[in-house]
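The values are calculated or read from the model by the stated rules, or taken from the named source; none is laboratory data. Values in this document were obtained by computation on a predicted structure and should not be read as measured data. Because the Cβ atoms are built from the backbone with ideal geometry, glycine has one as well, and the counts that use them run over all protein chains shown.
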Amino acid sequence: MSTAGLSIPFKAEFDVNSQEFSLSGVVRPRSIDEIAVNISMLKEAIDQVRGVLYINVKRLVQMNNTAFHAFARVVLDACQAKPDIRFVIVTSSVVGWTTRMFGHLNKIEPQITIEVYDSKFYPGQSFVENTSFISILRTQTKMTWRHERTILPRHGMRSGITMADICCGIGDFVVLVQKEFQPARIVALDHSKASLAYARDVAAGFGITDIEYTYGDASEMLLEDNQFDFVSCRHSLQIFNRPDALLAELYRICKPGGRVYITNEKNSHCLGEPRSQSIQWTYNEVAKLFSHFEMDVELGPKSRRYLADAGFEDIVVESFMVTNLDGDAQDFADVIAAWENVYAGEMSVKRGDSSEFIQRFRQGFQDHILAALHPKGYAGWPIWVASGRKPR
Amino acid sequence: MDVAEKAPVEATFEPLVQIEMEMETFLSNWHHCDQLSTFIARIISHNRTDPVRHANFFSSALNELLEVSFRGGSPDGQIGCAVYRHGRTERVKLTFPCLSRQRQFFSEAVSNTRREDALTHYLDSISTGLTPSRDVVFLDLAINFDAQIRLENSAPPSITLVVDLPLEGVVS
Ligand SMILES: C[S@@+](CC[C@H](N)C(=O)[O-])C[C@H]1O[C@@H](n2cnc3c(N)ncnc32)[C@H](O)[C@@H]1O
């Protein structure tokens, strides 16, 4: 049996500026001597802070009772010695047992409180986890699949591989990949429980039982290092406020020699004829609107730089344009209508835009729909596909 | 072992995996606890609703049990770990050799998990001792993992811990 080296290494860190002590990885010591350094680091941290010490265990994947007791002991003692300090233990909704275990400390010392880190901490999260997105994702994937199906093999997709689709949404992509390419193992992760529930239903409906859908936070996953030949992350780097952190996670779980595959947009390049100007104005505004919520929907052409900065080699970038002529023009129009609903109907309103602005903003989407359905019209949505190999 | 008494219970639990090892080999390296629990957890979780998180939970619980046998076991004989499933529950059966005073300790620790004041007892032990007593490990499993723990008769010097973990309900 060779599982050695798969575990996520244990790390303890203290950041004095944010008054945050964080524990991550797997910690299963035989005796507390093995973690003595980390214990003293916690004690020093307590000596340095004023007011609140945040203890971040979001990325704590495993901790045995020996370690738990040792750390808990220090914090409980500090509550006695320093009644003026509060402790906030930040756990993750993904790793449920940490919340239960650390939660007991509050019953012993009310100075210790527990916060469960969740989606509300991401600026744009509420929009993208919204269930009204589900129907858009479905049609979008149907449209992009026509292209990606032939593109994927150029980026390392083949039968028999192990793959992960991170930020899988409603999981249509992995179902299509499963049918077309037959990978040996598929893990699909998302942070929307509604989307995952939907995905599991769809898979069950197709009689597919071997896709492992999992609830998780893409920027701190429970998945172990160096596991997958192919890691995809579609249309999602662009909605993260820290795409580099997400990419570092994709890199981590990818096997050396395996590839990470990302797709992203450049919304301002959506186009259509007739009424090109109105359309162009609106999509320029889409880009600005997303950046207001710390999302970069102009990321597509920056993929090469992001992959290079993350340490990938043999980077391949290509782009394709989904158009109204690919298949069903009505599908194209439906997607635009859904965008209009969320972007103009929710996000723009949330930003506090005037009704004149919103009206003009909506007009561009309407014109894009018109271009898509017009007998002589042309409407396009460009996508950038990029992948890089993790060095061996 | 009383087979006649055991059969009806076993009938409903379907075996998933079974591992046996010389106790001496097991005791030669502390990391066996971590490696075995990670390995077994991954195998048995793949067809659960959320395999990754199920494996994480399960590994956490199983590791504690293996650590208990590491600390309390004696080197002669074999350690056996079998996992069964019934509906939303996994059952772990862990058999290992130990000295007779350890048997006494285990049977008390197990019965403590069923006491009404188990939580109070658990909180007390977190707020006092520097290192956890092994007794606390069982309370941890009962309280944080909703485990039901019992001892099954097995031929001395072996002892068998039977732990039911309803994790599917806790995870998803
Ligand atoms: C624009 S959708 C793309 C979905 C899918 N890849 C597709 O192309 O249809 C973005 C997805 O990222 C998910 N997501 C957002 N933040 C996440 C996080 N921190 N961890 C995991 N998934 C996240 C959302 O729930 C949503 O399903």
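Only one entry of B:D146, B:D164, B:D135, B:D140 meets the criterion of being modelled with pLDDT under 90 and within 13 Å of the chain's Cα centre (by Cα), and that entry is B:D135. Number of residues in segment A:26-65 that are part of a helix (DSSP H, G or I), under 23 Å from B:R71 (Cα atoms) and of a type outside the set (S, T, N, Q): the value is 6.
Tell me, yes or no, whether segment A:123-133 has at least one residue that is at pLDDT 80 or above, near the ligand (Cβ under 10 Å from one of its atoms) and either away from chain B (no Cβ under 14 Å) or touching a helix residue (DSSP H, G or I) at 6+ places or on another chain (Cβ under 8 Å) (or both).
First, pick out the residues of segment A:123-133 that are at pLDDT 80 or above: none.
No, that holds for no residue.
Taking (1) within 14 Å of the ligand (Cβ to nearest atom); (2) at negative phi in turn, A:P153 satisfies each apart from (1). Restricting segment A:156-166 to residues that are buried (at least 23 other Cβ atoms within 10 Å of the Cβ) and not small (G, A, S), the residue that is farthest from the ligand (Cβ to nearest atom) is A:M163.
Among the strands (runs of 3 or more DSSP E) contained in segment A:188-277, which hold 3 or more residues that are within 14 Å of the ligand (Cβ to nearest atom) and surrounded by 18 or more Cβ atoms within 10 Å (Cβ to Cβ)? Steps first, answer last, please.
Working: elements: A:211-215, A:228-234, A:254-265, A:271-273.
Counting at least 3 such residues, we get A:211-215, A:228-234, A:254-265.
With respect to (1) among the polar types (S, T, N, Q); (2) surrounded by 15 or more Cβ atoms within 10 Å (Cβ to Cβ); (3) at the interface with another protein chain (Cβ under 9 Å from one of its Cβ atoms), the lone exception for A:S31 is condition (2).
Residue-by-condition table, conditions (1) modelled with pLDDT of 95 or more; (2) among the hydroxyl-bearing types (S, T, Y):
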residue: B:T12; (1), (2): no, yes
residue: B:E20; (1), (2): yes, no
residue: B:L36; (1), (2): yes, no
residue: B:S59; (1), (2): yes, yes
residue: B:N63; (1), (2): yes, no
residue: B:L66; (1), (2): yes, no
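Within segment A:35-71, which residues are small (G, A, S), within 13 Å of another protein chain (Cβ to nearest Cβ) and surrounded by fewer than 21 Cβ atoms within 10 Å (Cβ to Cβ)? Give the derivation first.
Of segment A:35-71, the ones small (G, A, S) are A:36, A:40, A:45, A:51, A:67, A:70.
Those still in the list that are within 13 Å of another protein chain (Cβ to nearest Cβ) too: A:36, A:67, A:70.
A:A36 - this is the single residue of segment A:35-71 that is small (G, A, S), within 13 Å of another protein chain (Cβ to nearest Cβ) and surrounded by fewer than 21 Cβ atoms within 10 Å (Cβ to Cβ).
Of the listed requirements (1) assigned to a helix (DSSP H, G or I); (2) aromatic (F, W, Y); (3) surrounded by fewer than 20 Cβ atoms within 10 Å (Cβ to Cβ), A:F320 misses just one: (1). Residues that are touching a strand residue (DSSP E or B) at 6+ places or on another chain (Cβ under 6 Å), facing chain B (nearest Cβ under 8 Å) and of a type outside the set (D, E, K, R) are absent from segment A:198-211 altogether. Please go through segment A:173-187 and give me each residue that is assigned to a loop (DSSP other than H, G, I, E, B) and either hydrophobic (A, V, I, L, M, F, W, C) or within 14 Å of another protein chain (Cβ to nearest Cβ) (or both), ordered by number. Hit for segment A:173-187 is A:A184, nothing else.
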